[in-house]
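Trainee: Attaching a single structure in C-alpha cells format; questions to follow.
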Amino acid sequence: MIISLLNLEKNKTAKIIEIEGGPGFHKKLESLGLRLGVKIKKLSSSIFGGPVVIRVGRTNIAIGKGMANKITVEIENKI
Amino acid sequence: MKKILLIGNPNVGKSAIFSHLTGIDIITANYPGTTVEFTRGYLKYEDEKYEVIDVPGNYTLDAASKAEEVAIDLIKECDIIVNVIDSTNLERNLNLTLQLLPKKIPMIIVLNFWDETKHTGISIDEKKLEEILGVPVIPTCAVTGEGLSKIVSNLNNAKISNFSYDQDEKWHVIGNIIESVQKVFHRHHTFLERLSDITIKPLTGIPAAIIIIGLTFFIVRFIGEGLINYLLDPLFNNFYYPAIINLTKNIKPEFFSKLLIGVTPEVMKSFGVLTTGIYVPFVVVLPYIFSFYIVLGFLEDFGYLPRLAVLLDNIFHHMGLHGYSAIPIILGLGCKVPAILSTRILESKREKIITTVLILISAPCMPQTAMILSLGIAYGIKVVVLIFLIIILIAVITSFILNKILKGEAPELFTEIPPYRIPSFSVLSKKLWMRLKDFSKDAVPLIIFGIFLINILDILNITNFLTDKIGKPFVYFLGLPNEIVSVIILGFLRKDVSIAMLAPFILSAKQFIVAIIFMVLYMPCIASFFILIKEMGLKLALTIVFTVFTVAFFSASLLNFIIK
C-alpha cells in the first residue's frame, strides 16, 4: 500500500519511496537519515496539527505535519 | 601551536570531551543544539601545546547554514580533526565522516557512547573500522571519562585517510562499511525506551508533561523555601545580623553607617550594603537559583526537553513558532542571558525575534521569581499565582499579535529526539556548580552594587528629585505611589533588586500586582540588554526593548483599570 507518511497508521513500518520537494528539502531530510529506500516506523500520529514522530534506525525524529505529507511511503506486506 | 577541531553531529558529546581534554567547563545537556558558540581551550601533551576548538554540531558540510559555513572555514586552518561519532547511530554519523575524510587533514575518530552500544544490542568492530577508514578509531564514554586519555595519546597518530569513494554511491558505501563492522542483536525494549514512547505520544505524553511541570515547580519551591526557612534565614538572623550590628555600631559619621546597615532594623527595608545587600542575593535569590538548576540540569541531561518541544509544537505554531522554541523559553525561567543565546538553535530570524520577545515577557527570571515569592506571599499565594497567570496571558497575546504582524510562516519542526539517558551525578553537580559560580560572579556584585546605589541616591535626596520630575504620568496610569518612579528607573540596573525595593512601600494587593507585572516586563536587565545587542544588532535590540516596554505599559495600565 502506498500512502503519505502523515496518513500512515501508528506502529506500522514502511519504506520511503518518494519525497516531494527540491534538493534543499531532500538534503535536510537526509541529514537525519531520511532518504529514498529507508525503512521507518511511525511512533505517533499528528494530533491537532502537531508533529509526526517516527523511528529511523535508532533515532527518533519529530517531523512537522506538512513535511510528513510530502513523504510517500510504502507499507511492506509481511508474508 | 597545533589546532585540534572537535567536530561531529549534534548531541554526540563533543562538549563533554572538550571539557575533559582542556579542563574548561562548558554546559552540556542531552539535546541537539546545546552548544551554540565555539569554545577554545588548550591542552598540553608531551611538551607540545595544542589549541582545542569545540564546534557546534553539524549533520553535514553542505554549507547550507551559517553554522556549517563556519565549520568549513575552521576545517581549512586546522591541523587535526577529532571526529566525534555517536556509536549507536553509525550510519548518520558516518555521513559527516565521509565528508571530512577527503579534506586531507590528519584525523582521529572517537566512538562515543560506547557503553550504550552494549545495552542497545550493537556490537562494533572498531579495529575493522580503523582498517577501512585508515585513521585511528577510539571508543569512549565521555560522561565517565573512559577512553578519553587515549584521544590525547593518539594525537600523534592522527592520519590523513586515503579512503576514496564515489560521491553518488555515498549511502551505498556507508551501508557496506556498517555491514562489515557492526552487528545488531535482537533485544527487548529497555525501560528508558518505553518511558520515551510514553512521553512522546500525545495521549500519554500530555498528562505526563503536566505531571512533570507540576513536579518541577513543587520541587523548586520545596528545596528553595526549605533552604530559606530552615537554613539561610535563621543563619542570617541569629548569627550574621547581630554580629554585623555589633561590628558597625561604633562607625561614625552616620553617613557611613547608613550606607552599611541602613536606618531601619528590618532587613528588606534597610538597604544597607551589609544587610539587604547580603540578604537579597544569598538568602532570597541563591536558594531558588540552586533549586531551579538542580531540576533543570536533571531534565536537560535526562533528555526530556526535546520531548516537551514536540508536545508543545502545535500550540507554538499558533504563535508563529515551532516547538523547539520551548527550550530557550524554559532556559529563560532561570536566566535570560543563556536563554537569548540559545535562540541560535532556531532557523529563521523571525522565529528568533518572536522567541526572544517571549523569553523576555513570558516569565520572570529565577532571581525575580524568588523576590516575587518572598514579597508576594504576604498578600497570599493566590496573588502570586495570579501574577504568573497574567504574565503568561500577556505573553501569549503578544506573540499572537507578533505572529500576525511579522510576515512569514513558522518553519516546521524537524528534529532528532535523543534517547533518555540516566544523568551522571558528577556531571550534574559540576554543571550546577558552574551555574552557581556564574551567578555569584556576575549577578551578586551587581545586586550588592544596585542596593548600594539605591541607598546612596536616597541619602543624597536624588530619589526625591527624580520622583518629582518624571513621576507623574506613570503614576497616574499605573495607580502607584509617586516614590515608585525611582524604583522603576533604577530597576534597569538590577531587576531583582528593583522588586526588593518595593518592600518599604505599603502597597495594596492590586498595586502590588500592577507594580510587579510592570517591573517584570518593562525592560530587560542590563546583562540581557547587552546580550540582546550582541545577538540582534543595536537596531533590532532597541525595537524589541521598545516593543516589550509598550506591552508592559499598556498591560499594566489596563490591569490598573480592570482590577477592582
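Trainee: Rank these for me by crowding, B:Ile381, B:Ile488, B:Ile456, going from fewest to most other beta carbons within 10 Å.
Mentor: Exposure proxy ranking, most exposed first: B:Ile381, B:Ile456, B:Ile488.
Trainee: Another one. Between B:Phe400 and B:Leu453, what is the label-to-label distance in nm when each label sits 7 Å out along the Cα-to-Cβ direction?
Mentor: It is 3.7 nm.
Trainee: On a straight-distance basis, which lysines could pair with A:Lys41 in a cross-link, Cα separation under 24 angstrom, same-chain partners fewer than 8 positions away excluded?
Mentor: A:Lys10, A:Lys12, A:Lys15, A:Lys27, A:Lys28, A:Lys65, A:Lys70, A:Lys78, B:Lys118, B:Lys170, B:Lys183, B:Lys201
Trainee: Just tell me how shielded B:408-418 is by partners: mean number of partner chain Cβ atoms within 10 Å of each residue's Cβ, no decimals.
Mentor: Partner-chain Cβ atoms within 10 Å, mean over residues of B:408-418: 5.
Trainee: With a sphere of radius 10 Å drawn around the Cβ of B:Leu428, what net charge do the other residues whose Cβ falls strictly inside it have (Lys, Arg +1; Asp, Glu -1)?
Mentor: Net of charged neighbours comes to 0.
Trainee: Using 1/(1 + (r/R0)^6) with R0 = 56 angstrom and r between the beta carbons of A:Lys10 and B:Phe530, what's the FRET efficiency to the nearest 0.05?
Mentor: Approximately 0.70, to the nearest 0.05.
Trainee: Then there is this: Using a/c under 1.5 as the rounded threshold, could you call the stretch B:136-257 rounded, prolate or oblate? The axes a ≥ b ≥ c are square roots of the C-alpha gyration tensor eigenvalues, and prolate needs a/b larger than b/c, oblate otherwise.
Mentor: Note, shape of the stretch B:136-257 comes out oblate.
Trainee: Lysines near B:Lys534 by alpha-carbon distance under 26 Å, same-chain residues fewer than 8 away left out - which ones?
Mentor: B:Lys14, B:Lys66, B:Lys336, B:Lys349, B:Lys352, B:Lys407, B:Lys431, B:Lys437, B:Lys441, B:Lys495
Trainee: How would you classify the stretch B:456-564 from its alpha-carbon gyration tensor, with a ≥ b ≥ c the square roots of the eigenvalues: rounded for a/c under 1.5, else prolate if a/b is greater than b/c, otherwise oblate?
Mentor: oblate
Trainee: Semi-axes of the equivalent ellipsoid for the stretch B:67-218, please: Cα gyration tensor eigenvalues, times 5, square-rooted, ordered largest first, whole Å.
Mentor: In descending order the semi-axes read 34, 19, 17 Å.
Trainee: Right, here's the next one. Work out the charge dipole of the stretch A:2-73 with +1 on the Cβ of Lys and Arg and -1 on the Cβ of Asp and Glu about the Cα centre, then indicate which of A:Ile16, A:Ser45, A:Asn60 is farthest towards its positive end.
Mentor: Farthest towards the positive end: A:Asn60.
Trainee: Something else: To the nearest 20 debye, what is the magnitude of the charge dipole of the stretch B:200-562 about its Cα centre, counting +1 on the Cβ of each Lys and Arg and -1 on the Cβ of each Asp and Glu?
Mentor: So the dipole magnitude of the stretch B:200-562 works out to roughly 280 debye.
Trainee: Which whole-number percentage describes the relative contact order of chain A, with Cα contacts under 8 Å and a sequence gap of 6 or more?
Mentor: Averaging sequence separation for qualifying contacts and normalising by length gives 44 percent for chain A.
Trainee: Hey, if you put +1 on the Cβ of every Lys and Arg and -1 on every Asp and Glu Cβ in chain B, which of B:Gln368, B:Leu341, B:Ser65 ends up farthest toward the positive end of that dipole?
Mentor: It is B:Gln368, whose Cα lies furthest towards the positive end.
Trainee: Whole Å is fine, so just give me how far the alpha carbon centre of the stretch B:3-76 lies from that of the stretch B:331-365.
Mentor: 23
Trainee: Could you check the spin-label model distance between B:Ile24 and B:Ile563? Points 7 Å from the Cα along Cα→Cβ, value in nm.
Mentor: Distance between the two pseudo-spin positions: 4.6 nm.
Trainee: Cα gyration tensor of chain B, axes a ≥ b ≥ c as square roots of the eigenvalues: rounded (a/c below 1.5), prolate (a/b > b/c) or oblate?
Mentor: Judged from the Cα gyration tensor, chain B comes out prolate (a/c at least 1.5, a/b above b/c).
Trainee: Over chain B, what is the mean sequence separation of C-alpha contacts under 8 Å (at least six apart), divided by residue count, expressed as relative contact order in percent?
Mentor: 12
Trainee: Grab the DSSP H runs of chain B that are 4 residues or longer, score each as -39,500 (n - 2.57), total them, divide by all residues and round the 222 nm result to the nearest 500 deg cm²/dmol.
Mentor: Theoretical 222 nm ellipticity from helices: -17500 deg cm²/dmol.
Trainee: Treating only the Cβ atoms of Lys and Arg (+1) and Asp and Glu (-1) as charged, compute the dipole magnitude of the protein assembly as shown about its Cα centre; round to the nearest 20 debye.
Mentor: 1060
Trainee: Specify which residue in the list B:Leu231, B:Asn9, B:Leu432 is farthest towards the positive end of the charge dipole of the protein assembly as shown, using unit charges on the beta carbon of Lys, Arg (+1) and Asp, Glu (-1), about the Cα centre.
Mentor: B:Leu231
Trainee: Can you work out the FRET efficiency for the pair A:Glu18 and B:Leu540, with r the C-beta to C-beta distance and R0 = 30 Å, to the nearest 0.05?
Mentor: 0.15
Trainee: Using 19 Å as the cut-off for backbone N distance, which residues of the stretch B:1-32 belong to the label zone defined by a point 7 Å from the Cα of B:Lys44 along Cα→Cβ?
Mentor: Residues passing the 19 Å test: B:1-4, B:19-25.
Trainee: So for each of B:182-192, B:536-546 I average, over its residues, the number of other beta carbons within 10 Å; can you give me the resulting order with the highest mean first?
Mentor: B:536-546, B:182-192
Trainee: Which whole-number percent gives the relative contact order of the stretch B:112-180, counting Cα pairs below 8 Å spaced six or more residues apart?
Mentor: 30
Trainee: Sticking with this structure for a sec: Would you mind computing, in nm to one decimal, how far apart the modelled labels at B:Ile212 and B:Glu347 are, each placed 7 Å from Cα along Cα→Cβ?
Mentor: Reported label-point gap for B:Ile212 and B:Glu347 is 2.4 nm.
Trainee: May I ask you to compute the full-extension gain from B:Lys159 to B:His188, defined as 0.36 nm times their residue separation minus their alpha-carbon distance, rounded to one decimal in nm?
Mentor: Taking B:Lys159 through B:His188 to full extension adds about 6.5 nm, to one decimal.
Trainee: Suppose every K and R has +1 on its Cβ and every D and E has -1 on its Cβ; what is the size of the dipole of the stretch A:2-73 about the Cα centre, in Debye to the nearest 20?
Mentor: Rounded to the nearest 20 debye, it is 260 debye.
Every read-out reported here was derived from the displayed coordinates using simple, explicitly stated rules and does not represent laboratory data. Bear in mind the structure is a predicted one, so any value in this text is a computation, not a measurement. Glycine also receives a Cβ, built like all others from the backbone with ideal geometry; neighbour counts cover every protein chain displayed.
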